[in-house]
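First the structure, in the form of structure tokens, and then the observations on it.
Every number in this text was worked out from the coordinates using simple rules, so none of it is lab data. Please read all numbers here as calculations on a predicted model, not as lab measurements. Cβ atoms come from the backbone with ideal geometry, glycine included; neighbour counts cover every protein chain shown.
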Amino acid sequence: MGVAATDSKDNRASFSATGNTIEVAALGVSVLSTVLGNKYSRMSGTSMAAPYIAGNLALLKQSFPNGSHVELRWKL
């Protein structure tokens, strides 16, 4: 699944991919994340956006346990 990153205003991040392979987008700019040393840091990237999508898919799978991957993608 192609995931793009957006900013807090839902604009595509300058570093994020474009094109017809992108299916969904999520916040990926200046995301507060944990880092080594028991600290937090703001990070950017599609790797910050992908967990939002994975979490949403997990919730959809819980709500629709018999849903196929095609159905869950459509609902997402």
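Summary of values
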quantity: Two-decimal ratio, the chain, of alpha-carbon radius of gyration to 2.2 N^0.38 Å; calculated: 1.22
quantity: Radius 13 Å from Cβ of residue 49, net charge of other residues (Lys, Arg +1; Asp, Glu -1); calculated: -2
quantity: Sequence-separation-based contact order of the range 2-75, relative, with Cα cut under 8 Å and 6+ spacing, percent; calculated: 27
quantity: Sequence of 43, 48 once ranked by neighbouring C-beta atoms within 10 Å, starting from the fewest; calculated: 43, 48
quantity: Rounded to 5, percent antiparallel among DSSP beta bridges of the chain; calculated: 55
quantity: Inter-label distance for residue 17 and residue 75, nm, one decimal - labels placed 7 Å from Cα along Cα-to-Cβ; calculated: 2.5
quantity: On Cα atoms only, tilt of 46-63 relative to the major axis of the chain in degrees; calculated: 30
quantity: Per-residue [θ]222 nm for the chain (sum of -39500 (n - 2.57) over DSSP H runs n ≥ 4, rounded to 500); calculated: -10500 deg cm²/dmol
quantity: Net lengthening on full extension, residue 68/residue 50 (0.36 nm per residue, minus Cα-Cα); calculated: 4.5 nm
quantity: Simple label model, 7 Å out from Cα along Cβ direction - residue 61 to residue 30, nm; calculated: 3.3
